[in-house]
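Report on the structure given below.
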């Protein structure tokens with residue numbers, strides 16, 4: 001069992017999260033994929049933490065937790081506001097920036 | 001040289017200034033004022049030429065004046081410099097004097113024309129360019145004048161441009177000139193490239209005269225380069241001086257007003273070719289075969305033009321073909337090795353041909369526009385002074401002593417005999433006889449005999465008669481100055497030892513021609529000749545179909561090529577379609593395509609973002625240099 | 001040995017769940033999938049010997065953040081219904097999957113190159129706390145600021161009344 005496996009898991013999860021972000025038709029699920037992505041990044045840091053002697057990587061993991069939580073909060077608030085304004089959470093329909 | 005020479009630029013500036021003033025103030029100049037201004041300008045030019053001539057005589061050496069450097073490339077530079085030596089002195093004096101007389105004449109001739117001012121501005125411009133050509137010290141500046149007179153010829157031939165025929169004639173003249181110019185330029189370029197391979201050089205005529213031998217051994221495509229250059233330059237001269245094969249524009253050029261024909265197409269522009277060849281005579285002399293080619297071409301042209309003139313009915317066309325024939329004589333003089341003889345004939349011809357053209361203009365003016373000699377007849381009773389003047393010109397051109405034409409033409413024919421080309425000599429004598437024949441035919445038909453149609457004739461005003469009289473005086477008296485002229489032009493006249501028959505044959509031919517013309521006035525014999533030689537007569541009447549041959553061989557393929565290929569394909573499809581429209585369409589479609597990237601959807605933006613990030617990662621991870 | 005087996009099975013479940021999230025259209029079901037991923041991530045951390053971090057993962061991610069999402073679900077009730085029509089695989093989505101696959105392909109070689117063995121007993125809570133509250137004190141304060149800002153922002157966003165039209 002080596003850190004490479006954990007890192008690979010992290011990469012796979014991250015790619016899937018990116019794919020979900022690009023293709024999802026439901027904005028809420030898009031946000032969920034963002035959280036997944038952050039989680040995947042977390043796993044990557046864990047893999048580095050497992051192979052190092054210092055305690056620093058573990059601390060970064062904690063900071064990531066906090067950041068992810070804050071980001072989820074803000075993201076959801078904005079999402080609720082969008083849903084109130086545009087009456088839809090299909091990102092394809094919110095194309096006011098269309099040129 | 002340190003001699004403070006006379007300012008040669010004045011000679012050119014006077015008519016150029018005249019052109020500028022008349023064309024700028026054209027609306028303000030009413031009546032005949034522009035005519036007086038133009039004539040005064042040319043007279044000033046003549047005065048300056050006389051002063052320069054006196055300066056030349058006292059100084060003894062050619063005068064030079066370098067104005068400014070026009071352009072330079074490497075060690076070679078083309079200067080705007082004027083030179084005044086014996087040859088250019090003669091040309092300048094003749095050109096300015098004859099131009100002055102014709103300007104005075106034109107005041108009367110063009111009196112009722114609505115484009116009076118424009119005519120004189122063009123005339124002055126022409127004189128200015130001609131003087132640039134004459135006074136140029138190097139061939140490049142001469143070419144400027146060369147092209148300039150071609151331009152003015154076009155402008156003046158197509159002067160009454162409302163009639164499309166005149167414009168077509170002007171266009172034909174310009175194009176034929178242009179072809180000649182192309183040959184001239186090619187020859188010049190060849191000369192420059194050959195010289196540049198030998199080291200430092202300058203294009204001044206004096207430098208060339210001293211140093212041209214360095215090219216004697218060079219070859220171009222297997223032929224001696226001097227011969228190739230000379231041939232190309234001569235072809236350029238044929239365009240300007242209306243020799244075979246580029247003479248076809250001169251008869252058509254008679255569509256212009258008669259003073260134009262007198263000035264440009266008798267006395268000055270058409271002699272530019274002879275002048276150029278005389279200037280570069282050392283080049284032609286050193287080149288094998290060059291002088292022979294000139295001689296043969298000129299004699300062929302001379303004979304052919306004389307034959308065509310025999311059957312023309314338009315008075316100006318007869319004189320046009322006569323000009324072609326006489327210029328052939330000048331070139332024959334050059335080709336025989338004595339260019340001074342050709343030059344002397346140039347001078348006498350300028351006077352009597354200008355006289356003849358002005359007289360023809362007087363006749364046309366008298367008859368209110370009639371140009372067909374078979375509609376004239378018995379004019380000697382109606383327009384007596386014109387009749388006497390025309391008589392003078394006629395006798396001069398027929399080569400009868402003591403008129404000037406005899407002295408000049410005779411000298412050339414003797415020179416040809418001396419050079420050993422007996423066949424050419426025979427043809428030149430034959431041409432002299434034919435010349436006498438057709439000129440007599442013209443004279444007889446128009447002035448003598450009985451009235452051939454119903455016309456009203458009135459004598460021309462004095463303003464037209466005075467210049468003609470002065471020209472007539474010169475036509476009579478110039479011959480006696482032959483020896484001083486020839487020595488001034490650079491050659492000494494030596495009495496020749498020739499068989500008596502050879503010496504007198506030109507006069508005999510002349511008298512034979514005149515009498516044959518009078519004899520043929522009897523209708524029975526002329527009818528007989530017409531019947532037996534009808535096919536030949538038809539051929540000659542149609543000018544040997546040269547125009548038709550050109551049309552078929554050159555013009556039709558060119559027009560077809562330019563219409564189908566250049567116009568339809570190149571111009572329409574490629575340039576308009578692909579380049580211009582294609583450029584616009586490319587911009588349009590690129591914009592249209594790029595517009596679609598802005599979808600406004602988050603997902604597509606995110607996709608592109610991810611893509612870019614992936615590529616960046618790729619570069620970092622796989623070590624590529626961004 | 002067991003550890004490896006558990007790790008691979010847990011990771012397989014996680015990947016399946018995230019794939020489900022990728023293709024689902026129902027936010028509720030996607031939320032469940034997300035919960036699975038978070039929970040099993042925590043379990044993996046525990047397997048690897050990081051008990052503390054695993055616990056914190058489950059508490060914060062599977063607990064707090066999931067709750068956020070669950071609470072947000074009914075807040076979008078005024079949304080019009082999604083189209084039930086099943087669309088085929090379009091070129092655009094294929095292109096997107098290709099991009100994601102490219103990303104994966106770029107990153108995988110990194111993971112294949114690391115051969116460091118994992119040391120399960122490497123986490124020491126005492127050392128961790130010492131470093132956290134001494135060296136990373138500033139970051140802790142900043143984190144608290146961020147969280148405060150997030151709360152305030154969330155409150156501000158959601159308390160905006162709709163203007164009367």
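The values are calculated or read from the model by the stated rules, or taken from the named source; none is laboratory data. This one's a predicted model, so the numbers in the text were calculated from it and none came from an experiment. As a convention, Cβ positions derive from the backbone with ideal geometry for all residues, glycine included, and neighbour counts pool all protein chains shown.
Residues that are more than 9 Å from chain A (Cβ to nearest Cβ) and not in a helix (DSSP H, G or I) within the stretch B:597-626 comprise B:622, B:623, B:624, B:625, B:626, listed in sequence order.
Kindly establish whether residue B:491 is surrounded by 16 or more Cβ atoms within 10 Å (Cβ to Cβ), out of contact with any strand residue (DSSP E or B) (no Cβ under 9 Å at 6 or more places or on another chain), under 30 Å from residue B:105 (Cα atoms) and touching a residue at least 12 places away in the same chain (Cβ under 8 Å). Reasoning before the result, please.
Details: surrounded by 16 or more Cβ atoms within 10 Å (Cβ to Cβ): yes; out of contact with any strand residue (DSSP E or B) (no Cβ under 9 Å at 6 or more places or on another chain): yes; under 30 Å from residue B:105 (Cα atoms): no; touching a residue at least 12 places away in the same chain (Cβ under 8 Å): yes.
Taking the combined requirement at face value, the residue does not satisfy it.
So that you can scan it fast, the table gives a plain yes or no per residue for (1) in contact with a helix residue (DSSP H, G or I) (Cβ under 9 Å, 6 or more places away or on another chain); (2) more than 23 Å from residue B:100 (Cα to Cα):
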site: B:325; (1), (2): yes, yes
site: B:348; (1), (2): yes, no
site: B:352; (1), (2): yes, no
site: B:356; (1), (2): yes, no
site: B:384; (1), (2): no, yes
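For the stretch A:1-31, the tally of residues that are within 14 Å of the chain's Cα centre (by Cα), over 29 Å from residue C:49 (Cβ atoms) and within 7 Å of another protein chain (Cβ to nearest Cβ) stands at 7. A single entry from C:96, C:111 fulfils the requirement of being more than 28 Å from residue A:83 (Cβ to Cβ), at pLDDT below 85, surrounded by 12 or more Cβ atoms within 10 Å (Cβ to Cβ) and within 7 Å of another protein chain (Cβ to nearest Cβ): C:111.
Just to be sure before I move on: is residue B:475 assigned by TED's automatic domain parsing to the domain that holds residue B:355, assigned to a helix (DSSP H, G or I), at pLDDT 75 or above and out of contact with any helix residue (DSSP H, G or I) (no Cβ under 6 Å at 6 or more places or on another chain) in the structure I sent? Steps first, answer last, please.
Details: assigned by TED's automatic domain parsing to the domain that holds residue B:355: yes; assigned to a helix (DSSP H, G or I): yes; at pLDDT 75 or above: yes; out of contact with any helix residue (DSSP H, G or I) (no Cβ under 6 Å at 6 or more places or on another chain): no.
It is false that residue B:475 is assigned by TED's automatic domain parsing to the domain that holds residue B:355, assigned to a helix (DSSP H, G or I), at pLDDT 75 or above and out of contact with any helix residue (DSSP H, G or I) (no Cβ under 6 Å at 6 or more places or on another chain).
Among the candidates B:298, B:286, B:255, B:306, the residue that is buried (at least 23 other Cβ atoms within 10 Å of the Cβ) and touching a residue at least 60 places away in the same chain (Cβ under 8 Å) is uniquely B:306.
Give the stretch A:32-51 a look and list any residue that's within 7 Å of chain C (Cβ to nearest Cβ), part of a helix (DSSP H, G or I) and more than 23 Å from residue B:604 (Cβ to Cβ), or say none.
Step one: of the stretch A:32-51, the residues within 7 Å of chain C (Cβ to nearest Cβ) are A:32-33, A:35-36, A:39, A:43, A:46, A:50-51.
When the remaining residues are screened for being part of a helix (DSSP H, G or I), the result is A:32-33, A:35-36, A:39, A:43, A:46, A:50.
If the condition is that a residue be within 7 Å of chain C (Cβ to nearest Cβ), part of a helix (DSSP H, G or I) and more than 23 Å from residue B:604 (Cβ to Cβ), then A:39, A:43, A:46, A:50 are the ones that fit.
Among the residues making up the stretch B:60-99, those that are loosely packed, with under 14 Cβ neighbours inside 10 Å and closer than 22 Å to residue B:491 by Cβ are B:60, B:61.
Does residue A:14 meet the test of being under 30 Å from residue C:135 (Cβ atoms) and either in contact with a helix residue (DSSP H, G or I) (Cβ under 6 Å, 6 or more places away or on another chain) or in a helix (DSSP H, G or I) (or both)? Spelling it out, residue A:14 is indeed under 30 Å from residue C:135 (Cβ atoms) and either in contact with a helix residue (DSSP H, G or I) (Cβ under 6 Å, 6 or more places away or on another chain) or in a helix (DSSP H, G or I) (or both). When residue A:54 is tested against the conditions (1) part of a helix (DSSP H, G or I); (2) more than 7 Å from every other protein chain (Cβ to nearest Cβ), the lone failure is (1).
Being under 30 Å from residue B:446 (Cβ atoms), part of a helix (DSSP H, G or I) and either in contact (Cβ under 8 Å) with a residue 12 or more places away in the chain or within 41 Å of the chain's Cα centre (by Cα) (or both) is true for just one of B:555, B:566, B:549, B:514. Which residue is that?
Values: B:555 fails: under 30 Å from residue B:446 (Cβ atoms); B:566 fails: under 30 Å from residue B:446 (Cβ atoms); B:549 fails: under 30 Å from residue B:446 (Cβ atoms).
None of the others qualify; the one that does is B:514.
Residue-level check: of (1) buried (at least 24 other Cβ atoms within 10 Å of the Cβ); (2) under 13 Å from the mean Cα position of the chain (by Cα); (3) within 7 Å of chain C (Cβ to nearest Cβ), residue A:70 misses just (1).
Given the structure, is residue A:95 away from chain B (no Cβ under 14 Å) and modelled with pLDDT under 90? Give the derivation first.
Details: away from chain B (no Cβ under 14 Å): no; modelled with pLDDT under 90: yes.
So residue A:95 fails the test.
The rows are residues; the columns are (1) within 16 Å of the chain's Cα centre (by Cα); (2) part of a helix (DSSP H, G or I); (3) surrounded by 22 or more Cβ atoms within 10 Å (Cβ to Cβ).
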position	(1), (2), (3)
B:227	no, yes, no
B:247	yes, no, yes
B:276	yes, yes, yes
B:294	no, yes, yes
B:317	no, yes, no
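The set of residues in the stretch C:1-21 being surrounded by fewer than 22 Cβ atoms within 10 Å (Cβ to Cβ), at the interface with another protein chain (Cβ under 9 Å from one of its Cβ atoms) and under 27 Å from residue A:91 (Cβ atoms) consists of C:15, C:19.
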